[in-house]
Each structure stands twice: as C-alpha cells, then as structure tokens.
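As structure tokens, the structure follows; a few thoughts come after it.
The values are calculated or read from the model by the stated rules, or taken from the named source; none is laboratory data. This is a predicted model, so every value here is computed, not measured. FYI the Cβ positions are ideal-geometry reconstructions off the backbone, even for glycines, and counts take in every protein chain you see.
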Amino acid sequence: MRAMRRSALPVMPFLSQGDVPHLLHSYGYWAVAAIIALESMAIPLPGEATLIAAAVIAGTSHELDIAFVIAAAATGAILGDNIGFWLGRALGYRLVLRYGRYIGLNETRIKLGQYLFLRYGGAIVFFGRFVSLLRAFAAFIAGANRMRWPRFLAFNAVGAVLWSLLYGSGAYYLGKEARHLAGPIGIIIGGVAAMAILAAVFYLRRHQGELEAEAEKALPGGLAPLRKLRRKSAE
C-alpha cells in the first residue's frame, strides 16, 4: 500500500514542459486556464509553453479548438493576475514595510515605487504580460504598490487578451514550427526587455532626486498606514 501511495504522488515540485502535452490531452482547456492562472500568481509554471502547445494541438490534430484555447488562456491570465494583485494588496505592503530595509528599500524608495506605479502602472501591467519574469510578478507588485484595481483590471485584461490572441493564433498557424521559433523569439523579447529595464534603472539613478521630490509632492508625509493607504488609492 505504501508503495502504491508513493507512486501515485508526483515527486517533482513543479511542472515541466514535458508534462504539458499529457495534461492538455487529459484536461484540455481546463489545463490551459489553470496553468496560466497559477503562473500569473508567481508560481513557476510554463504558462507560455502551455498556450503554444495547446495552439499547436489545435492546429495539427484539431483535438482542441483554437478559439476556446485563446479564451481559456485569456481567462486564466486575468483570473490569476487578479488573485496575484489582491495577494499583493493584502500582503505585499506589509512585507515591504517589515523587510524592505534588508534589500535597500527605505521609506523614500518605497514611496518612489508607489509614485512610479501611480504614473506608469498601466504600462508595466500591460507590457509585463509579454515578459516572462514580469508576467509572474507584475500583478503582485501592482497590488503591493496600491495601484487602483479598476485601472489594473483594464490594462491587465487588454494585455491578457492580446497576449493570448497573438501567441495562440501565431502558434496555431505556424504549427510545429512554433515550438522551434518560441525560443529565439523569447530571447529577442527578453533582450529588448532587459535593455528597457537597464535604461529605466539608468534613468532612475540619474533623476532619482527629482523623482523623489515629485513622489513627495504627490504623496506628502510619511508612509501611510495600510487602512489610510487603501482609502487614498480608492479616491
């Protein structure tokens, strides 16, 4: 009995890309939505690879319908991101206040982060859907920085639908070639994202004083308690 129980339990802590086709054949659209939703909640799962694999199956074997694949991917992305957002809103701010000093996040830098999300949060959420690392953490960070939920939802939904449509339809029409092209395309997108991040870091360092002054003007006083910050973000 013990041997049977052990063999029935998965021994891998996370899902690998090799497991994705089996799950898609077994659970179809539910697997697409679930894996992408969990990845959007900062759980290391191959969401993008799942969407591409499902689209390839839809294009080659017609076991899945591409319209439902895209719909499942978009639904999973929006649902997972919103759960991640509310987790960040409930826990992220407290974690930053308590442990931020250990990674160099003092009160001034925390307020600067809130201000940057106040101004550019929509763009971060939208483009974050197309970058692997941001795709997993953008929603949580948006919640922790008190981004207004209606604004988050709007940019998140547009990004999720566009991401699902582009990757899903692209893989559907490219077929098996999509798996070979996904790697180089991912490297290109990652390289562009890395250059954008470096440019943003350089800009922040060069204009840190000005931005901190703008942040203080927009969010005067010390860091607000959680209840007060919730009321302010809802205004």
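Listed here are the residues, each with its yes/no results for (1) in contact with a Cys (Cβ under 9 Å, 6 or more places away or on another chain); (2) without any contact (Cβ under 8 Å) to a residue 24 or more places away in the chain; (3) over 13 Å from residue 157 (Cα atoms).
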site: 51; (1), (2), (3): no, no, yes
site: 57; (1), (2), (3): no, no, yes
site: 67; (1), (2), (3): no, yes, yes
site: 77; (1), (2), (3): no, no, no
site: 80; (1), (2), (3): no, no, no
site: 86; (1), (2), (3): no, no, yes
site: 90; (1), (2), (3): no, no, yes
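Considering the conditions (1) at pLDDT 80 or above; (2) buried (at least 18 other Cβ atoms within 10 Å of the Cβ); (3) part of a helix (DSSP H, G or I), residue 87 is excluded by exactly one of them, (2). Taking residue 23, is it assigned to a helix (DSSP H, G or I), at pLDDT below 95, surrounded by fewer than 19 Cβ atoms within 10 Å (Cβ to Cβ) and touching a helix residue (DSSP H, G or I) at 6+ places or on another chain (Cβ under 6 Å)? Yes: the conditions hold for residue 23.
Which residues, counting only those in region 145-169, are at negative phi and either of a type in the set (Asp, Glu) or modelled with pLDDT under 85 (or both)? Within region 145-169, just 145 meets the criteria.
Only one entry of 94, 129, 135 meets the criterion of being more than 13 Å from the chain's Cα centre (by Cα) and among the charged types (D, E, K, R), and that entry is 94. Is at least one residue of region 97-113 among the hydroxyl-bearing types (Ser, Thr, Tyr), crowded, with 17+ Cβ neighbours inside 10 Å and in contact (Cβ under 8 Å) with a residue 24 or more places away in the chain? No; the residues of region 97-113 include none that is among the hydroxyl-bearing types (Ser, Thr, Tyr), crowded, with 17+ Cβ neighbours inside 10 Å and in contact (Cβ under 8 Å) with a residue 24 or more places away in the chain.
Yes or no, residue by residue, for (1) among the aromatic types (Phe, Trp, Tyr); (2) under 23 Å from residue 161 (Cβ atoms); (3) at pLDDT 85 or above:
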position: 7; (1), (2), (3): no, no, no
position: 12; (1), (2), (3): no, no, no
position: 19; (1), (2), (3): no, no, no
position: 30; (1), (2), (3): yes, yes, yes
position: 40; (1), (2), (3): no, yes, yes
position: 50; (1), (2), (3): no, yes, yes
